[in-house]
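Enquirer: Below you'll find the structure I mean.
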Amino acid sequence: MTRRLLLIGGGHTHVEVIRRWGLSPEPGVTMTLVSPDRHTPYSGMLPGFIAGHYRFEDCHIDLEALCRHAGVAHQECTVESIDITHRRVRCTNGTEQYFDVVSVDTGSTPVTANIPGADRYGTPVKPVAPFLDAWREMQKAARQTAGTLEFAIVGAGAGGIELALAMEHRLRADGGRARISIIGDGSAILPSHPEGVRRRLARILRQRNIVVRLNSPVQEARADRLLLRDGTEVPTDHVLWVTGAAAPEWPRTSGLATDAAGFIAVNEYLQSISHDDVFAAGDVAAMVATPRPKSGVYAVRQGPPLSANLRHALRDEPLVAYRPQNTTLALISTGNRYAIASYGPIAFGGAWVWRWKNRIDTAFMRRYGTAGTAAALQTPG
Ligand SMILES: Cc1cc2nc3c(=O)[nH]c(=O)nc-3n(C[C@H](O)[C@H](O)[C@H](O)COP(=O)(O)OP(=O)(O)OC[C@H]3O[C@@H](n4cnc5c(N)ncnc54)[C@H](O)[C@@H]3O)c2cc1C
């Protein structure tokens, strides 16, 4: 009897599962991908897209083409629940998909739940598609304004810093008039990076006239300002939310075991700790025995072990444990084809670091075929 493997979300992990399926399909198994959009962004190149170095197609994987070449069915819809007893998922458009084994790689969104007004004012950086639409409008407004537009980026981690520097570069290149602030609730920018990285980026932010406000949790968002905990009011024309990762609600309300933040709790096989036929990877998963920060690097690294374990599960074979690395290399771009490298306690920067990052990122995109070519699918893993 034909078995059904269902992938929910075309994130960084699932694109590798699909690519490997194309190279070696599993006899007697159909694979279906459910995802809201035809294109999925590669986060490593998003700041470069904002800065104007890449085109849309350079940093988005065409899931439709990837699936077609890999022999995988693709349904464009957004999952809202899993019915584990009846082995089916339900999408927001009312359609249903059935499965024998299901895997979830739907990412995360910025945390804004506790900030009154955040859902009405400002733009979360994820989902990426509506953020990019909003960014086009912001660019237009910055070009057309007679005065200076006030941009506030809430979140002083790597994503917020890269985004601020990329936006500053692009708006200045376009002749737009903008003042950019970064607002963080901690006592330092990039708290998970070494002092050398923080120092270098703090200097670059000063040189580019980007104001950094630390120890400043946002208490409330209003139409034209942010209210900070210390009573300061920051005037805003545009607010971007790049705060830490929040989980979707539907895994928990569907009955899957989650961690305290609502991320799907998985074991060393990337398998749900509550349901053997459910797997999860990327930001939406919490590896309970080996917790790691939410990062695209881990999502990418989980592709090969998830692919292998989905096959093992379908064949009723023993699963193979995945051990995530302890340290990852982060290459943080500064908008002007320059980047800072951060690895454990080590920090260094240069235009060559950006070229290195560019080579790594474009090689990643080639694997999934920028234009969805069959040739790209043949690149050995
Ligand atoms: C500006 C910025 C820059 C970043 N730069 C880096 C970087 O340089 N390096 C790094 O390691 N990390 C970076 N990150 C973090 C990185 O974006 C995430 O860790 C990474 O995208 C997680 O990948 P994922 O596979 O979990 O999900 P994602 O890549 O977010 O993909 C999730 C997919 O699931 C789909 N989906 C969502 N909900 C549903 C649903 N209900 N039903 C069906 N499909 C759904 C989405 O449309 C999307 O295609 C950056 C983040 C930001 C905001």
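The values are calculated or read from the model by the stated rules, or taken from the named source; none is laboratory data. The model shown is predicted, which means the values in this text are computed figures rather than measured ones. Cβ placement follows ideal geometry from the backbone for every residue including glycine, while neighbour counts extend to all protein chains displayed.
Enquirer: Across region 82-113, what is the number of residues that are touching a helix residue (DSSP H, G or I) at 6+ places or on another chain (Cβ under 8 Å), within 9 Å of the ligand (Cβ to nearest atom) and part of a strand (DSSP E or B)?
Expert: Residues flagged as touching a helix residue (DSSP H, G or I) at 6+ places or on another chain (Cβ under 8 Å), within 9 Å of the ligand (Cβ to nearest atom) and part of a strand (DSSP E or B) within region 82-113 amount to 1.
Enquirer: Being without any contact (Cβ under 8 Å) to a residue 60 or more places away in the chain and surrounded by fewer than 19 Cβ atoms within 10 Å (Cβ to Cβ) is the filter; apply it to region 241-259 and report the residue that is farthest from ASP185 (Cα to Cα).
Expert: Ranking the qualifying residues of region 241-259, first place goes to ALA257.
Enquirer: Would you mind telling me which numbered condition in (1) in a strand (DSSP E or B); (2) assigned by TED's automatic domain parsing to the domain that holds PRO293 VAL239 fails?
Expert: (2)
Enquirer: Also: Restricting attention to region 129-160, which residues are surrounded by 19 or more Cβ atoms within 10 Å (Cβ to Cβ), within 13 Å of the ligand (Cβ to nearest atom) and assigned to a helix (DSSP H, G or I)?
Expert: Passing the criteria: PHE131, TRP135, ALA158, GLY159, GLY160.
Enquirer: Let me ask something else about it. How many residues are within 24 Å of THR2 (Cα to Cα), in contact with a strand residue (DSSP E or B) (Cβ under 8 Å, 6 or more places away or on another chain) and assigned to a loop (DSSP other than H, G, I, E, B) if we restrict to region 288-322?
Expert: 1
Enquirer: Further, regarding this structure: I'd like to verify a number: residues in region 45-57 that are surrounded by fewer than 17 Cβ atoms within 10 Å (Cβ to Cβ) and either within 14 Å of the ligand (Cβ to nearest atom) or more than 19 Å from the chain's Cα centre (by Cα) (or both), how many?
Expert: Going through region 45-57 one residue at a time, the tally reaches 1.
Enquirer: Looking only at region 328-350, which residues are assigned to a loop (DSSP other than H, G, I, E, B), more than 26 Å from GLY9 (Cβ to Cβ) and within 13 Å of the ligand (Cβ to nearest atom)?
Expert: Of everything in region 328-350, those that are assigned to a loop (DSSP other than H, G, I, E, B), more than 26 Å from GLY9 (Cβ to Cβ) and within 13 Å of the ligand (Cβ to nearest atom) turn out to be THR334, GLY335.
Enquirer: Taking region 267-288, which residues are buried (at least 19 other Cβ atoms within 10 Å of the Cβ), aliphatic (A, V, I, L, M) and more than 16 Å from ILE8 (Cα to Cα)?
Expert: Within region 267-288, ALA286, MET287 qualify.
Enquirer: Based on what the data block shows, is GLU220 under 30 Å from THR78 (Cα atoms) and in the same structural domain as ALA178 (by TED's automatic domain parsing)?
Expert: The answer is yes for GLU220.
Enquirer: Restricting attention to region 58-81, and to residues there that are under 17 Å from GLU96 (Cα atoms) and assigned to a strand (DSSP E or B), which single residue is nearest to the ligand (Cβ to nearest atom)?
Expert: Here the residue is VAL79.
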